[in-house]
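The values are calculated or read from the model by the stated rules, or taken from the named source; none is laboratory data. The shown structure was predicted, so the numbers you read here are calculated from the model rather than taken from an experiment. All Cβ positions, glycine included, derive from the backbone under ideal geometry; neighbour counts span all protein chains shown.
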Amino acid sequence: MSNPSEPSNPSGPSEPSNPSELIHRHRAVTPSWLAVYYAEPIELTHGEGRHVWDSQGRRYLDFFGGILTTMTAHALPEVTKAVAEQASRILHSSTLYLSSSMVELAEQIAELSGIPDAKVFFTTSGTEANDAALLLATSYRRSNQVLAMRNSYHGRSFTTIGITGNSSWSPTSLSPLQTLYVHGGVRTRGPFAELSDAEFIAACTADLEDLLGQVGGNVAALIAEPIQGVGGFTSGPDGLFAAFKRVLDRHGILWISDEVQTGWGRTGDHFWGWQAHAEAGPPDILTFAKGIGNGLSMGGVVARAEVMDCLGANSISTFGGSPVTTAGALANLRHLLDHDLQGNSRRIGALLSGLLRAADLPMVREVRGRGLMIGVELVDSSGEPSAAAAASTLEHARELGLLIGKGGLAGNVLRIAPPLSLTAEEAAEGAELLIEALRRAQAESTDRATTDPSTTDPSTTDRSTADRSQERDPV
C-alpha cells in the first residue's frame, strides 16, 4: 500500500521546499481563479511509473495523471531518452521549416484517426486544438452557428468558453459564436433519464431535429466529447452520435469529435471515443491533446483534406509540432501501441470499476465510465449531488497516498484516470485506498448531520459548497 510518509527516491530534491511559503508566493503572483487542489496544496517534484513524490518526500499512487495527461507512465524511459536526444540537437525551429519527427507523427495520427484523406495540424494544447477546429468548421461552412452538448467543456480560450455547456466553467456570456445546446451528454439525469437507451437516442435525435428546424442560417458544426471529461465522465449511450451524424449529414453540418480526454485507447474498448458511435462513419474533424505528449505540451486537429485546406489566409504555428514534443510523442505512441495499453486499460479498468462498485457505499450514486476513465458520483443522504463529499474524499485520498481528480456540474464526481500501464496490483491498492477515503468522508458527513441538522438540507449547505468548490476546481 502506498505510504504517504515514505522517503523520496534518490532522483528527488535534496532539500525539501516549504509548501506554505510556496503557496503564499503562488497566490501573490498568479490569478485568484487559478485553482489548486487540497486545503494544503502540494508540489509534485518527480515521478516514476504510476507513482509521484511531493516536495516533502511523500509518495502517492497517481490516479489522475496530471488531468489525464500522463498516458503511459511517469518518466517513461523511451520518452525521456527521445526528448533528451532531440534537445541535445535542436530545441526549436517552428513550422516554417521541415521536421521529420513532425511529419512522421502526423502520418501515424492521420492513419490511426480513421478519417479518410486526413491532414493533421499540431497545436500546444487541447484548448488550442478545439479553437483551430472551430476556425476550420466555421470557415468551411461560412457560419458562426455551432451545436454543442449540455454539460460540455472544450477549453479556456474565449472561443471555446463560448461553446462550453457547463456554467461552472463559463466566466462570460460574450462569444464570437452563436451556440445552440442539445441533449445527450448525461445519461442518468435530466428529462430523458428514465428512457431505455434506444428511446433516449430517439428523444435526443428528435430534439436535435427540432432545434435545427428552428434555426435560421447554416449551422457549421456539432462539437462533442464522446465522454464528457470536466462534466464528470458522463456520456450518452453507444450509437448516439451515429444517430446525430445521420441528421448532420443531411444538413451538411460537420461533426467535431473532441478526443482530448478520450483518445489513445483510454476507454479500453476503442482507440477513439467516436468509435463507440461508428455506424455512421468517422467524424469530419477530430481534436486531440493531453495523453499523446505524456506531459509534453501537444495538441492537434485531424480533418478531411478539403476541410483542413479551406482557410484562405496564411498561417503557421510557432510551437505546435516542435522537434522536442513530436520526438517525445512519437516514442510515447510507439510504446502505447507496442505494449497494447488500450487492452490493458480495458482489462484493468474493468477490474477497478468492479472493485469500486462492489464496495456499495451509501453516498456513491454511480460508478461509470469506460476503461481507465472512471467517474464516481457522490450524493448526500437525500440523494442530492454532494460537492462536500467529493472535496472531503479528495482530501482523505491524498492523506492515504492516492491522488484523484473531481468534476461534474455540481463538483460532486470523483475522476479516476491513472496511466494506462496501471497494474492489477496497483488497481487493487488504489481501490482499497479510495474506498477507505470514501468511508472516512461518509463518516464525516454522518457526524456533521448529527451535530448540525441544517447540513442535511442541500439548499442551505451542500449547494453553496458545490458553488464554492467549482469556482476553484481544476479541469
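A few comments on the model shown:
- Ser93 vs. criteria in contact with an Asp or Glu (Cβ under 7 Å, 6 or more places away or on another chain), surrounded by fewer than 16 Cβ atoms within 10 Å (Cβ to Cβ), of a type in the set (Gly, Ala, Ser) and under 18 Å from Ser297 (Cβ atoms): no
- Scanning region 121-178 for residues being modelled with pLDDT of 95 or more and among the β-branched types (Val, Ile, Thr) gives a total of 5.
- Top-ranked residue in region 106-164 [being among the polar types (S, T, N, Q) and within 21 Å of Ala329 (Cα to Cα); ranked as surrounded by the most Cβ atoms within 10 Å (Cβ to Cβ)]: Asn130
- Residue in region 277-291 that is among the hydroxyl-bearing types (Ser, Thr, Tyr), in a loop (DSSP other than H, G, I, E, B) and within 25 Å of Leu414 (Cα to Cα) present: no
- Among (1) outside any helix (DSSP H, G or I); (2) more than 22 Å from the chain's Cα centre (by Cα); (3) modelled with pLDDT of 95 or more, the one test that Val301 misses: (2)
- Residue that is surrounded by 14 or more Cβ atoms within 10 Å (Cβ to Cβ), closer than 25 Å to Phe288 by Cα and out of contact with any Cys (no Cβ under 6 Å at 6 or more places or on another chain), where the choices are Gly252, Gly190, Gly231, Gly184: Gly231
- Condition check for Thr262: among the β-branched types (Val, Ile, Thr), touching a His at 6+ places or on another chain (Cβ under 9 Å) and over 20 Å from Arg346 (Cβ atoms): no
- If the condition is being buried (at least 17 other Cβ atoms within 10 Å of the Cβ), more than 20 Å from the chain's Cα centre (by Cα), of a type in the set (Val, Ile, Thr) and not in a strand (DSSP E or B), then region 42-84 contributes Ile42, Val79, Val83.
- Residue match in region 105-122 (condition: under 24 Å from Trp264 (Cβ atoms) and in contact with a Cys (Cβ under 6 Å, 6 or more places away or on another chain)): no
- The listed residues are Leu355, Leu341, and the only one of them that is crowded, with 17+ Cβ neighbours inside 10 Å, touching a residue at least 40 places away in the same chain (Cβ under 8 Å) and over 22 Å from Thr262 (Cβ atoms) turns out to be Leu355.
- Test: residue in region 341-359 that is part of a loop (DSSP other than H, G, I, E, B) and either over 25 Å from Trp255 (Cβ atoms) or not assigned by TED's automatic domain parsing to the domain that holds Pro116 (or both): no
Yes/no matrix, rows are residues, columns are (1) touching a His at 6+ places or on another chain (Cβ under 6 Å); (2) farther than 23 Å from Asp338 by Cα; (3) not aliphatic (A, V, I, L, M):
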position	(1), (2), (3)
Gly229	no, yes, yes
Asp238	no, yes, yes
Val247	no, yes, no
Ser257	no, yes, yes
Gly268	no, no, yes
Ile285	no, yes, no
Ala289	no, no, no
Ala303	no, yes, no
Gly312	no, yes, yes
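- Test result for Gly328, in the same structural domain as Thr188 (by TED's automatic domain parsing) and either assigned to a helix (DSSP H, G or I) or in contact with a strand residue (DSSP E or B) (Cβ under 6 Å, 6 or more places away or on another chain) (or both): yes
- When the test is whether a residue is part of a helix (DSSP H, G or I), small (Gly, Ala, Ser) and surrounded by 18 or more Cβ atoms within 10 Å (Cβ to Cβ), Ala221 does not pass it.
- The residues listed here are Ile253, Ile285; of these, the one that is closer than 27 Å to Gly321 by Cα and either at pLDDT 95 or above or not assigned by TED's automatic domain parsing to the domain that holds Ser152 (or both) is Ile285.
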